[in-house]
Amino acid sequence: MTVLSENATDGEIRLVGSNFTFEGRVEIYHNKEWGTICDDGWGVEETNVVCHQLGYMNGAQYWYGNAKFKKGHGKIWLDDVSCYGNESALIECLNIGWNGHNCRHYEDVGVVCQPKGECTSLSIMSK
């Protein structure tokens, strides 16, 4: 299913699949279509870049692989993303190129950003 978004630009990201704006499956916009990102090699640096790009300046709280926020559909745009952590946008990080991947949607990455105005200690969340 192709989801068009007239206001989005290439490299824009969003979090979906949660009731909270600060967490969810990471999706990235490219070629007029939203797609997911594979969890291969994903860590705190990549999560911090996502959170900062979305305006959560306190950075990452946690990240999940294995489609914690439900499997996406459509394109898997990025895989093997590798950030230093100081990039201003996820598309500035190294990766194997748009639509280059060896993944399935059960490997979609999800993140939890530190909510705005919250302290930096991790909170206990029920599963």
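General observations
- Count - residues of the range 24-67 that are in a loop (DSSP other than H, G, I, E, B), over 12 Å from the mean Cα position of the chain (by Cα) and under 20 Å from GLN114 (Cα atoms): 5
- Restricted to the range 44-101, and to residues there that are over 18 Å from SER18 (Cα atoms) and of a type in the set (Ser, Thr, Tyr), the residue that is surrounded by the fewest Cβ atoms within 10 Å (Cβ to Cβ) is SER88.
- Checking ASN19 against (1) touching a strand residue (DSSP E or B) at 6+ places or on another chain (Cβ under 6 Å); (2) free of Cβ contacts under 8 Å to residues at least 40 places away in the same chain, the condition it does not meet: (1)
- Residues of the range 48-99 that turn out to be hydroxyl-bearing (Ser, Thr, Tyr) and touching an Asp or Glu at 6+ places or on another chain (Cβ under 9 Å), as a count: 4
- Residue match in the range 1-21 (condition: in contact with a Lys or Arg (Cβ under 6 Å, 6 or more places away or on another chain) and surrounded by 19 or more Cβ atoms within 10 Å (Cβ to Cβ)): no
- Considered as a group, the residues in the range 88-127 that are of a type in the set (A, V, I, L, M) and closer than 21 Å to GLN53 by Cβ include one that is modelled with the lowest pLDDT, and that residue is ILE96.
The values are calculated or read from the model by the stated rules, or taken from the named source; none is laboratory data. Note that this is a predicted model, so its numbers are computed, not measured. A quick note on method: Cβ atoms are made from the backbone with ideal geometry, for glycine too, and the neighbour counts reach across all protein chains shown.
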